[in-house]
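The values are calculated or read from the model by the stated rules, or taken from the named source; none is laboratory data. Please read all numbers here as calculations on a predicted model, not as lab measurements. FYI the Cβ positions are ideal-geometry reconstructions off the backbone, even for glycines, and counts take in every protein chain you see.
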Amino acid sequence: MTVVEMLDRARARISRMPATELAEAVLRGAVVVDIRPQAQRDREGTLPGALAIERNVLEWRLDPTSDAHLATAVDHDVEWVIVCSEGYTSSLAAAALQDLGLHRATDLIGGYAALRETGLRHVISSAAHLRREMATITAH
């Protein structure tokens, strides 16, 4: 199998997300994970509001059964949106997460580049802020 075939198989199994749908996903509770290495984030820019988890530890941090999981990895129903630079590595990562039973894992079509090109780079932090505000209002 070639890497292109591997990528095609991964993408056939996941429902990928366009950049224009990311704010809506965050509003409903999706967690965005930037898997780009620190050097790449320094060079390309950060993704405000996203969790930065490098690819080499992704499965350990998001699998709720792992001893190294993050507090946000509460169960297999969390909606994870994986972002890399251009949307290639993130497809493979999302498929790997689905193999772990994280059935709502997906990736962002075009990755960070798509967010930057569409001017939506800050959509995650804005949507997350709005979600917190809405939760506060409904709690009172």
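Pairs only if they're at least six apart or on different chains, beta carbon under 7 angstrom, first in the range 26-48 and closer than 14 Å to residue 89 by Cβ, second part of a helix (DSSP H, G or I) and among the aromatic types (Phe, Trp, Tyr); list them, first residue then second. Short answer, once both residue conditions are applied: 36/112; 44/112. Under the condition of being among the basic types (Lys, Arg) and surrounded by fewer than 12 Cβ atoms within 10 Å (Cβ to Cβ), which residue from the range 14-43 is farthest from residue 118 (Cα to Cα)? Once the filter is applied, the top-ranked residue is 28.
Taken over the range 69-86, the criterion of being touching a residue at least 40 places away in the same chain (Cβ under 8 Å) and either crowded, with 17+ Cβ neighbours inside 10 Å or in a strand (DSSP E or B) (or both) is satisfied by 78, 79, 80, 81, 82, 83, 84, 85. Candidates 103, 129: the one that is of a type outside the set (Val, Ile, Thr) and modelled with pLDDT under 95 is 129.
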